[in-house]
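The values are calculated or read from the model by the stated rules, or taken from the named source; none is laboratory data. Quantities reported herein were computed from a predicted structural model and do not represent experimental measurements. Accessible surface is based on the protein model in full, side chains and every heavy atom, while ligands, DNA and RNA are left aside. Shrake-Rupley method; radii C 1.70, N 1.55, O 1.52, S 1.80 Å.
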Amino acid sequence: MPKLSEYVELAATEYLQETGKDELDAHWIAAFFQDGGVLEDHPRQGLIEFADLVQKALTKQSERARKQAHYQLDKVIRGSRGPQQR
């Protein structure tokens, strides 16, 4: 049985890949909660609390992606300037 944290990360990753959005859709998370096995494996876990956990994970993943994109863009821009003169 997967841990709840594994379900949270899976849901966040899957949602981000499917939608590209970092704001969780209530219908999507309800379907994942019911059809994805969370309800069976963690019967005491409530949907609202699960959705909150997934939203937090989405926010973290989105922030990491933004930082990585900014870093890569900065690297490209600095690289295109040529060697720095001292």
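Assorted remarks:
- Estimated [θ] at 222 nm from DSSP helical runs (n ≥ 4, -39500 (n - 2.57)) normalised by residues in the chain, nearest 500: -24500 deg cm²/dmol
- Accessible area in the full protein assembly, largest first, 1.4 Å probe, for 70, 27: 27, 70
- Under 23 Å from the Cα of residue 67 - lysines, other chains or at least 8 residues apart: 21, 56, 75
- Using the alpha carbons alone, the radius of gyration of segment 20-61 stands to its Kirkwood radius in an Rg to Rh ratio of 0.97.
- Computed from Cα positions, the angle between helix 47-80 and the longest principal axis of the chain comes to roughly 10 degrees.
- Here the translational diffusion coefficient of the chain follows from Stokes-Einstein with Rh set to the Kirkwood radius across Cα pairs; for 20 °C and 1.002 mPa s it amounts to 146 µm²/s.
- Rounded to the nearest 10 degrees, the inclination of helix 26-35 to the longest alpha-carbon principal axis of the chain is 60 degrees.
- Tilt relative to the chain, helix 4-19 - C-alpha long axis, 0 to 90 degrees, to 10: 60 degrees
- Look at the alpha carbon pairs under 8 Å that are at least 6 residues apart: their mean separation over the length of the chain gives a relative contact order of 36 percent.
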